[in-house]
Amino acid sequence: MCERVVERLPFGLDRAVAPTFVGYLLVSGCTFTADLLILTALHGWLGVPLPIAVTAAYIAAFALSYLLNRTLNFASHAAVGPQIAIYIAVVAVNYLVFILGVTSGLAGLGLEYHLARILGGLGEALFMYTSMRWLVFRR
């Protein structure tokens, strides 16, 4: 399906965009929605402090992301142990820089926490896709 989407891209983008990028965007849309729902439930409804709520939502979303990307998008058959070790390292860097750094930093500056998380998610998306394609799920 992702290959068919890429084939229909205009302006020569079909040569520049990998089908796995389209798949990553689809998976990420689902997992980011799960992240925001969990964050809202924990922080907005239950009053859990923002750093703890962000962390819990992040862990749940990235576990789901790993499973969906491994099976549906990158169709990886590599050994799970080494692959998950690399994934955990990538996720740790992403967490510190984009999740806690950008989200908490922007929220601390007064930006509404959902918007802060969305802005952090933009940098996160690029970092995570490139890391998954060339480090975690490399063929």
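The values are calculated or read from the model by the stated rules, or taken from the named source; none is laboratory data. Predicted, not measured: the structure shown is a model, and the values here were computed from it. Heads up, the Cβs are rebuilt from the backbone with ideal geometry, glycines too, and the neighbour counts pull from every protein chain shown. With ligands, DNA and RNA removed, areas are computed over all heavy atoms of the protein, side chains included. Shrake-Rupley method; radii C 1.70, N 1.55, O 1.52, S 1.80 Å.
Quick notes on this one:
- All positions within segment 40-53 that are open to solvent by 40 Å² or more (accessible area, probe 1.4 Å) and in a loop (DSSP other than H, G, I, E, B): Leu46, Gly47, Pro49
- Contact map, segment 54-71: first residue over 18 Å from Val97 (Cα atoms), second residue outside any helix (DSSP H, G or I) and open to solvent by 40 Å² or more (accessible area, probe 1.4 Å), Cβ cut-off under 9 Å, separation 6 or more or different chains; pairs are Arg70/Ala78.
- Residue match in segment 4-15 (condition: open to solvent by 50 Å² or more (accessible area, probe 1.4 Å), over 21 Å from Tyr95 (Cα atoms) and in contact with a Pro (Cβ under 8 Å, 6 or more places away or on another chain)): yes
- Qualifying residue in segment 16-23 (condition: outside any helix (DSSP H, G or I) and buried (at least 19 other Cβ atoms within 10 Å of the Cβ)): no
- Test: Phe137 is of a type outside the set (Val, Ile, Thr), within 24 Å of Val5 (Cβ to Cβ), open to solvent by less than 20 Å² (accessible area, probe 1.4 Å) and touching a Phe, Trp or Tyr at 6+ places or on another chain (Cβ under 8 Å): yes
- Pair list, Cβ under 7 Å, 6 or more apart: segment 119-130 residue free of Cβ contacts under 8 Å to residues at least 40 places away in the same chain and farther than 11 Å from Phe32 by Cβ, other residue among the aliphatic types (A, V, I, L, M) and surrounded by fewer than 18 Cβ atoms within 10 Å (Cβ to Cβ): none
Yes/no per residue for (1) open to solvent by 30 Å² or more (accessible area, probe 1.4 Å); (2) at negative phi; (3) assigned to a helix (DSSP H, G or I):
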position	(1), (2), (3)
Thr55	yes, yes, yes
Tyr58	no, yes, yes
Ala61	no, yes, yes
Asn69	no, yes, yes
His77	yes, yes, no
Val97	yes, yes, yes
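- The one condition in (1) at pLDDT 90 or above; (2) more than 28 Å from Trp134 (Cβ to Cβ); (3) open to solvent by 60 Å² or more (accessible area, probe 1.4 Å); (4) not charged (D, E, K, R) that Cys30 fails to fulfil: (2)
- Boolean, Ser65 is open to solvent by less than 30 Å² (accessible area, probe 1.4 Å), closer than 25 Å to Thr20 by Cβ and assigned to a loop (DSSP other than H, G, I, E, B): no
- Across segment 99-117, the qualifying residues are those that are open to solvent by 30 Å² or more (accessible area, probe 1.4 Å) and touching a residue at least 60 places away in the same chain (Cβ under 8 Å), and the one among them that is nearest to Pro49 (Cα to Cα) is Tyr113.
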